[in-house]
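Here is the structure we will look at, set down as structure tokens.
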Amino acid sequence: MITNSQGSKARIGAIGENLVVAKLMQHGWDAFNANCTIKNYKSIDVVCINSDMCESDDLPWKPRVALVQVKTCNQANIPVGFTIAEALDRELLERNVKGPYVFVYAQDKGGEMDFRYFIISRREFIDLLYKQHCWYVNGWKRQKPLETKAPACLTVKDLLGLDQPETARHAAFTNPLEGKSCENRWDNIWED
């Protein structure tokens, strides 16, 4: 069982990154963990190479490369590496999101870990994070002001493409994924 201590969080993060490398390789793509050379490489955890695709028509010899960010968590709210204030700054997201995200949701199933994979393209991630946090900041009825320095998170429901109905506490949220789940969508690695 993995707890929420600092050492356990680092361990579960490393497990997630290594599982993602293995999954990418199972799809026939070359992949390696960027954190093996630089501890906690900024904005990139895994480099994935697809030799069957070229980077562009101008460079037919150069394979397609994806710079993948991996976020692993054992809670339904998954921190994404940005604050709420940063999630509200679309220009900042455009500059700092380098590629697709793979969210690894780890669940303890009687002492054994079960992992679910949510793969979201760079564009889908930026749209979802920005719109979800605009709704979270502006669409909720709060008694106290929100601390925008807090970590921005996405939920498993967000990654499943589910909308949030209107309640007494908040307005409705229309998920920009339009009902399309990102679960096991490995080809999203190659989408912008």
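The values are calculated or read from the model by the stated rules, or taken from the named source; none is laboratory data. Fair warning: this is a prediction, and the values are worked out from it, not measured in the lab. We place every Cβ from the backbone using ideal geometry, glycine too, and count neighbours over all the protein chains shown. Accessible surface is based on the protein model in full, side chains and every heavy atom, while ligands, DNA and RNA are left aside. Shrake-Rupley method; radii C 1.70, N 1.55, O 1.52, S 1.80 Å.
What to note about this one:
- Among the residues of segment 69-88, those that are open to solvent by less than 20 Å² (accessible area, probe 1.4 Å) and among the β-branched types (Val, Ile, Thr) comprise Val70, Ile78, Val80, Ile84.
- When the residues of segment 145-170 are filtered to those that are among the basic types (Lys, Arg) and within 28 Å of Gln107 (Cβ to Cβ), the one that is surrounded by the most Cβ atoms within 10 Å (Cβ to Cβ) is Lys157.
- If you go through segment 40-65 and pick out every residue that is within 30 Å of Asp114 (Cα to Cα), over 14 Å from the mean Cα position of the chain (by Cα) and either open to solvent by less than 70 Å² (accessible area, probe 1.4 Å) or among the hydrophobic types (A, V, I, L, M, F, W, C) (or both), you end up with 5.
- Unmet requirement for Arg142, which otherwise passes all of (1) over 19 Å from the mean Cα position of the chain (by Cα); (2) surrounded by 14 or more Cβ atoms within 10 Å (Cβ to Cβ): (2)
- Condition broken by Leu93, with the remaining ones in (1) open to solvent by 50 Å² or more (accessible area, probe 1.4 Å); (2) of a type in the set (A, V, I, L, M, F, W, C); (3) not in a strand (DSSP E or B) satisfied: (1)
- Pairing residues of segment 59-88 that are more than 22 Å from Asn188 (Cα to Cα) and at pLDDT 95 or above with residues that are open to solvent by 60 Å² or more (accessible area, probe 1.4 Å) and assigned to a loop (DSSP other than H, G, I, E, B), at Cβ distances under 8 Å and at least 6 apart in sequence or on separate chains, gives Thr83/Lys149; Ile84/Glu147; Ile84/Lys149; Ala85/Lys149.
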